[in-house]
Amino acid sequence: MFDIKLLIVEDDSIIRNIFERALSKYVPNIYTAKNGEEGLNKYLEIKPDLILTDIKMPIMNGLDMINEIREYDTGVRIIIMSAYGESRYFLNAIESGVKGFLTKPIKNSDLIKTVSDQANDILLEKKLKEEEDKRKQAEKELIDINITLENRVKQRTIDLEKQISERKKVELMLRESEEKYRQIYENATDGILLIQKGIIVLINPTMVDLLERLPREVIGKPLKEFISSDNADQVQSYFEKDGQISSDTSFEIVITTKSKSKKWLELKINTINWDEEPGSLVFASNITLRKLAQLNLTELNKNLKKRVEIEVEKAKSQQQLLLQKSKLESLGELSAGLAHEINQPMGGISMGLENIMYKISNKELTSDYVESKIKFLFKDIERIRKIIEHVRTFSRDQQKTDQDIFDIISVINNTISLINRQYTNHQVDLQFDKPNIKLTTLGNPFKLEQVILNLLSNAKSAVDKRATQNDKPFTKQIKINCNTDDNFIFIKVKDNGIGIPKEIIDRIFDPFFTTKDEESGTGLGLSISYGIINEMKGSIEVMSIPKEHTEITIKLPLITRPNEET
């Protein structure tokens, strides 16, 4: 069990309860909050040691909550959870001082390990603080001892003045004794060494404990015999320059104790005169715990960076798979319309061949007739080839680098050509208000075609559903409109379908959110469309009135080729 206070901030009550139950075996004090605002208030109330928070939440999201908390405490440890793989979430989180990342869905083992790692670090920091407090207390006690010693010396001096007639001799002895004690003890914090001509001549009890050696095993030897770090010779040569070294110098060294353990020491050095000879008064502080913590923190930061890079790559790979899955779903919806588009020229080819066979059987075939028929047959074959090539290009794995300046109107026309027959068969009035100017932008035309196809598919579902709910005759309409303001292109897709309820309109771009049944949709279309438009430096907005209409507007930068006007 880790004796820390843990705050879990998660808007999903099921996930929140699962995390609480999974961690209760390891952390006795767990508090929960269902959004960022409640999490901030709970933090101010209980001051937790560790915070486990989701990013996207109602009222106040996780990143805003973290920034608010940082106004009060820059040191509290925070782990973030998110189902989003975009690197900007992780970068914002790193700037806020986040210590750990978990990508949803989260395994209990990963959750427990991450929380346990952070809990161990928290307990280590607390232990380091306790050791620091002990050291400060020891310094205070040493100062008090010095004050008490000085008072006792002064009192003893007064008593001796009364008892001994040789007042000057006593005062001289007391001043010499007081000067020696003051130089040694007033500057002392931890272990003390007096070094002259590179040899240890005095050692205090604390230094005996640090070296785990008796004074007789240390006095008379050079300090470098006990130093195991690479700077042993440098430190030793420093002490051999008695009287030629500057005061207030410090070193960090590693010593090997008698039990073969290693300790990090910080040496603070002052030059003094001792028995009329120059020397170095050395104060040694044990910084082993601090050094181990620094090494551990360095390793953790290295591993954290690697984990972030791995998770970002995984998220990119998953996003590409979802994009391809959405394309396949779109192709499935297009299959009926494509069959008709291909069957029509196939029928022409079949009829042309039958006419040729008829002419052959009647011996009426002429070269002019064959040449004329073959031209028509090749036109139908070319039409089929273009349809297949378009579908093949649309369905292939389009990479983010496949970008070019292309015509928006051509993309919309290509999309309509794939579905127009299918929509006509479903009595859907599909209208495209074409502008008289050329509208071009930068991006991948096939990805934009996928977006338009998804919007039209959703619009068709909406008008079909409203038609089933209407008792009166109802004309299903979908209108596409394009215009520009000289800086941006606006593509509007409007339908007179069932509309979108206000309570879910803010969630329609969330991954896997759908109002359709499992067989009709996966909830990926609009989420992927949002990502594609964002990738093209654009935006997508939705306006809807339930039971009346829905209008989705895509805003893209208007970009022209060099030396080309719109």
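The values are calculated or read from the model by the stated rules, or taken from the named source; none is laboratory data. In this text, all values refer to a predicted model and were calculated from it rather than measured experimentally. In this analysis, Cβ positions are derived from the backbone assuming ideal geometry, glycine residues included, and neighbour counts consider all displayed protein chains.
Figures for the structure shown
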quantity: Total residues in segment 9-32, condition under 19 Å from Asp110 (Cβ atoms) and either small (Gly, Ala, Ser) or not assigned by TED's automatic domain parsing to the domain that holds Lys113 (or both); calculated: 2
quantity: From Lys129, Lys154, residue being within 23 Å of Leu297 (Cβ to Cβ) and surrounded by 10 or more Cβ atoms within 10 Å (Cβ to Cβ); calculated: Lys129
quantity: Total residues in segment 440-457, condition surrounded by 22 or more Cβ atoms within 10 Å (Cβ to Cβ) and either small (Gly, Ala, Ser) or in a loop (DSSP other than H, G, I, E, B) (or both); calculated: 1
quantity: Selected residue (criterion: nearest to the chain's Cα centre (by Cα)) from residues of segment 246-273 that are exposed (fewer than 11 other Cβ atoms within 10 Å of the Cβ) and at pLDDT 85 or above; calculated: Ser261
quantity: Some residue of segment 484-501 being in a helix (DSSP H, G or I) and crowded, with 20+ Cβ neighbours inside 10 Å; calculated: no
quantity: Leading residue by the ranking (modelled with the highest pLDDT) among those in segment 190-226 that are in contact with a helix residue (DSSP H, G or I) (Cβ under 6 Å, 6 or more places away or on another chain) and among the charged types (D, E, K, R); calculated: Lys224
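Every residue, every condition in (1) touching a Lys or Arg at 6+ places or on another chain (Cβ under 9 Å); (2) at pLDDT 85 or above; (3) surrounded by fewer than 16 Cβ atoms within 10 Å (Cβ to Cβ); (4) over 30 Å from Glu130 (Cα atoms), yes or no:
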| residue | (1), (2), (3), (4) |
| --- | --- |
| Asn286 | yes, yes, no, no |
| Gln294 | no, yes, yes, no |
| Asn301 | no, yes, yes, no |
| Glu311 | no, no, no, yes |
| Leu323 | yes, no, no, yes |
| Gly332 | no, no, yes, yes |
| Pro345 | yes, no, no, yes |
| Met351 | no, no, yes, yes |
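Yes/no matrix, rows are residues, columns are (1) in a helix (DSSP H, G or I); (2) over 21 Å from Lys555 (Cα atoms):
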site: Val411; (1), (2): yes, no
site: Asn414; (1), (2): yes, no
site: Ser417; (1), (2): yes, yes
site: Thr424; (1), (2): yes, yes
site: Asp429; (1), (2): no, yes
